[in-house]
Amino acid sequence: RSKTEGRNTYRLYAPEMDTRAKNQLALETALRDTAETGEGLSIHYQPIFDWRTGALHSAEALLRWHHPTRGAVAPGEFIPLAERSGLIIPLGQAVMRMVCTQLKRWQAAGLRPVPVAINLSAKQFWQDELPGFIRKMLQRCDLNPGLMGFELTESTLMHDIERGLDTLAALRGMGCSVAIDDFGTGYSSLTYLQRLPVTTLKIDRSFVSDLGTCRKGGCAIVAAVTGLARELELQVVAEGVETEAQLRALDRYQVALVQGFKTGRPVPADAFSEAYLRAMTSGRDGD
Ligand code: C2E
Ligand code: MG
Ligand code: MG
Ligand code: MG
């Protein structure tokens, strides 16, 4: 900033910064109320398909927040805020409660739910109480732990690998699946990957989007990840599949599990069961 514009710049920009800080604070206050009451929170479910057989494999639970005056706030905006403020702990517990309740509701309606994966951010994963909380909730809801999965990123895991191994072992020991989310975007050590008791690698959307055209070596990454997964006997899910060309390319690399706008957007629970669970149940000859 030049000397001559110094003062004016200060006068011009200070109120703006102030507004942004105030907005953030207001949003945090609203999020705090929401975390307490649960009001305005809901879950959208996005289907994950085995696209070769067409079978529904599982779903990812994605948190939605409807702000009283602002309307829908994107997770990309409120999740980082929730992490910084620590509100992710009560919010994350609300997410787990909502998913458990929904799974029970589907079962009570005679539908057969598929496993649902819940995202865990670093603060949640490093909470000593996490495995105990999950165990208690699964027991209280009398749910098969195989119906619940978790997704965490490489950076969360690599932060403290030895302690992470314990938590992962606890989750796996209960019978829950665990996926590494956005795989390929973070720093991850292949040596450790071999030791991690995870079930699934989710190839990040950025690599999948390069697939149609093989731009920027996107194909090379997908080839490497699928090869690695095969050797380590891990499942692979391709995230963010948007085009037919991407599906065809994924077939070349024998990636069967796909998630994306092409095969199904995240939708509210009722829409999810109408579109996917009901069809599946009626196709089973009532067994
Ligand atoms: P994520 O876990 O990687 O979730 C996938 C994101 O990609 C979702 O965004 C989903 O709507 C979006 N997506 C799915 N298919 C496509 C596609 O074909 N094209 C494009 N462009 N996008 C697609 P969403 O719902 O906005 O969530 C963003 C992130 O917020 C999530 O990324 C996750 O990291 C975080 N998040 C969402 N719900 C929760 C939650 O309950 N707890 C925590 N801790 N984090 C959450
Ligand atoms: Mg995820
Ligand atoms: Mg992801
Ligand atoms: Mg992502």
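Confirm whether A117 is in contact with a Gly (Cβ under 8 Å, 6 or more places away or on another chain) and open to solvent by less than 50 Å² (accessible area, probe 1.4 Å). Criteria met by A117.
Check whether at least one residue in region 72-94 is aliphatic (A, V, I, L, M), more than 22 Å from T167 (Cβ to Cβ) and assigned to a strand (DSSP E or B), and report yes or no. Taking every residue of region 72-94 in turn, at least one turns out to be aliphatic (A, V, I, L, M), more than 22 Å from T167 (Cβ to Cβ) and assigned to a strand (DSSP E or B).
Would you check if T53 is modelled with pLDDT of 95 or more and farther than 16 Å from P268 by Cα?
no
Residues of region 47-61 being touching a Ser or Thr at 6+ places or on another chain (Cβ under 9 Å) and open to solvent by 10 Å² or more (accessible area, probe 1.4 Å), which ones? Correct list: F49, W51, S58.
Among the residues of region 71-86, count how many are away from ligand 3 (no atom under 16 Å from the Cβ), of a type outside the set (G, A, S) and within 19 Å of P268 (Cβ to Cβ). Step through it out loud before you land on a result.
Of region 71-86, the ones away from ligand 3 (no atom under 16 Å from the Cβ) are 71-73, 77-78, 81-82, 84-86.
Those left that are additionally of a type outside the set (G, A, S): 73, 77-78, 81, 84.
The next check asks that each one be within 19 Å of P268 (Cβ to Cβ); those that pass are 73, 78.
So the answer is 2.
Is it fair to say I221 is within 16 Å of ligand 3 (Cβ to nearest atom) and modelled with pLDDT under 90?
Values: within 16 Å of ligand 3 (Cβ to nearest atom): yes; modelled with pLDDT under 90: yes.
Yes.
Applying a threshold of 8 Å to beta carbon distances and a minimum spacing of six or more residues, or different chains, the list of pairs starting in region 251-277 at a residue that is among the β-branched types (V, I, T) and ending at one that is part of a helix (DSSP H, G or I) and open to solvent by 50 Å² or more (accessible area, probe 1.4 Å) reads V267/A275.
Restricting G173, G164, G110 to residues that are in a helix (DSSP H, G or I), among the small types (G, A, S), at pLDDT 95 or above and farther than 20 Å from T226 by Cβ narrows the list to G173.
Within region 176-186, restricting attention to residues that are assigned to a strand (DSSP E or B) and open to solvent by 40 Å² or more (accessible area, probe 1.4 Å), the residue that is nearest to ligand 2 (Cβ to nearest atom) is D182.
For every residue, the table says whether it meets (1) of a type in the set (D, E); (2) under 18 Å from the mean Cα position of the chain (by Cα); (3) open to solvent by less than 20 Å² (accessible area, probe 1.4 Å).
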{"residue": "F78", "(1), (2), (3)": "no, yes, yes"}
{"residue": "I89", "(1), (2), (3)": "no, yes, no"}
{"residue": "V95", "(1), (2), (3)": "no, yes, yes"}
{"residue": "A108", "(1), (2), (3)": "no, no, no"}
{"residue": "F133", "(1), (2), (3)": "no, no, no"}
{"residue": "R140", "(1), (2), (3)": "no, no, no"}
{"residue": "S155", "(1), (2), (3)": "no, yes, no"}
{"residue": "L165", "(1), (2), (3)": "no, no, no"}
{"residue": "A170", "(1), (2), (3)": "no, no, no"}
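Reported count of residues in region 237-283, each being within 16 Å of ligand 2 (Cβ to nearest atom) and either in contact with a Cys (Cβ under 7 Å, 6 or more places away or on another chain) or small (G, A, S) (or both), is 4.
In region 217-272, which helices (runs of 4 or more DSSP H) lie fully inside it and hold 1 or more residues that are open to solvent by 40 Å² or more (accessible area, probe 1.4 Å), over 24 Å from Y45 (Cβ atoms) and more than 16 Å from ligand 4 (Cβ to nearest atom)? Show your work before the answer.
On the way: elements: 218-232, 244-252, 269-272.
So the answer is 218-232, 244-252.
The values are calculated or read from the model by the stated rules, or taken from the named source; none is laboratory data. Given the structure is predicted, the values throughout are model-derived calculations rather than measurements. Glycine also receives a Cβ, built like all others from the backbone with ideal geometry; neighbour counts cover every protein chain displayed. Protein only, heavy atoms only, side chains kept; ligands, DNA and RNA dropped before computing areas. Shrake-Rupley method; radii C 1.70, N 1.55, O 1.52, S 1.80 Å.
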